[in-house]
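The values are calculated or read from the model by the stated rules, or taken from the named source; none is laboratory data. Remember, it's a predicted structure, so these values are computed and weren't measured experimentally. FYI the Cβ positions are ideal-geometry reconstructions off the backbone, even for glycines, and counts take in every protein chain you see. These accessible areas exclude ligands, DNA and RNA; they are computed on the full protein's heavy atoms, side chains included. Shrake-Rupley method; radii C 1.70, N 1.55, O 1.52, S 1.80 Å.
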Number of protein chains: 2
Amino acid sequence: MRAEALKGHLDGLLLAALEDGPLHGYAVKEALRETTEGRIDLPTGTVYPALHRLERADLITGSWSVVGGRRRRTYELTAAGRTALSGERAGWQEFATAVTAALGARQWPATT
Amino acid sequence: MRAEALKGHLDGLLLAALEDGPLHGYAVKEALRETTEGRIDLPTGTVYPALHRLERADLITGSWSVVGGRRRRTYELTAAGRTALSGERAGWQEFATAVTAALGARQWPATT
DNA sequence: CGCTATATATAGCAATGCTACGTATGGAGG
DNA sequence: CCTCCATACGTAGCATTGCTATATATAGCG
């Protein structure tokens with residue numbers, strides 16, 4: 001996967017990962033890797049700053065805890081975060097439609 | 001359409017626009033606007049530098065002409081450009097599959 | 001004669017994700 | 001015991017990329 005491809009789409013992915021319940025940063029990274037079958041495997045230097053940005057924007061809220069001797073920051077979506085997620089999804093649909101049309105790639109990838 | 005969304009996908013779109021035959025820069029911009037029903041309407045400050053970059057990379061070749069008193073630079077795909085286009089398409093499929101899976105947007109946009 | 005569409009160009013900017021590094025804990029394997 | 005790996009978080013600085021703003025020039029319309 002080309003690195004630059006992700007630009008502008010990361011926030012939506014992170015928000016989506018948190019939709020089904022709170023997760024800490026590392027778990028978000030792992031969740032993303034799993035739901036995409038390894039295709040999106042973000043470096044920690046991408047994930048943590050992005051989560052901080054989302055928290056500053058009040059799209060997620062985080063809280064510290066210690067589990068198994070390791071400290072974690074667990075995040076969950078705010079109301080604004082849910083709204084933003086739905087906007088990101090709509091934006092993605094529109095973007096994907098446009099790019100697909102322009103690329104002339106007439107087949108959508110399998111939904112599996 | 002969020003501006004940053006396009007990052008990393010522009011080259012493929014430009015190459016695709018040239019697939020069915022040579023076009024000059026302005027025509028590429030117009031073609032893209034039309035095939036995407038106005039969703040992708042690139043500013044000239046995006047199109048021309050991008051075409052220059054593609055030409056420097058030998059993915060397209062350009063030649064000057066004057067039509068109706070206006071000078072044009074008409075571009076066409078090189079063999080390397082066709083290869084690159086097919087790579088861009090494959091990359092897009094993979095990327096789109098991954099993002100769709102991660103976003104949990106289970107519906108693909110209509111192919112219309 | 002001014003406005004719009006056509007046609008191209010570039011300098012500088014803003015945003016974004018990545019690279020590379022650093023800190024720390026717990027458990028597995030030698 | 002000690003090393004290595006996975007877990008868990010963090011930041012500074014960088015590279016890339018497309019956009020904004022601005023500039024030039026011609027043709028045609030009102």
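Of all the criteria given as (1) at pLDDT 95 or above; (2) open to solvent by less than 30 Å² (accessible area, probe 1.4 Å); (3) in contact with a helix residue (DSSP H, G or I) (Cβ under 7 Å, 6 or more places away or on another chain); (4) not β-branched (Val, Ile, Thr), the one not satisfied by A:Ala27 is (3).
Here are some conditions: (1) touching a strand residue (DSSP E or B) at 6+ places or on another chain (Cβ under 8 Å); (2) more than 10 Å from DNA strand D (Cβ to nearest atom). A:Trp64 meets all but one. Which one does it not meet? Looking at each condition in turn, A:Trp64 falls short on (2).
Checked against (1) surrounded by fewer than 19 Cβ atoms within 10 Å (Cβ to Cβ); (2) modelled with pLDDT of 95 or more, B:Gly68 passes all but condition (2). For B:Arg89, the criteria (1) in contact with a strand residue (DSSP E or B) (Cβ under 6 Å, 6 or more places away or on another chain); (2) more than 15 Å from DNA strand D (Cβ to nearest atom); (3) among the basic types (Lys, Arg) hold in every case but one, which is (1).
Scanning region A:8-24 for residues that are in contact with a helix residue (DSSP H, G or I) (Cβ under 6 Å, 6 or more places away or on another chain) and at positive phi gives a single hit, A:Gly8.
When the criteria are applied in full, B:Thr46 meets the requirement of being open to solvent by 40 Å² or more (accessible area, probe 1.4 Å), free of Cβ contacts under 8 Å to residues at least 40 places away in the same chain and over 30 Å from A:Leu32 (Cα atoms).
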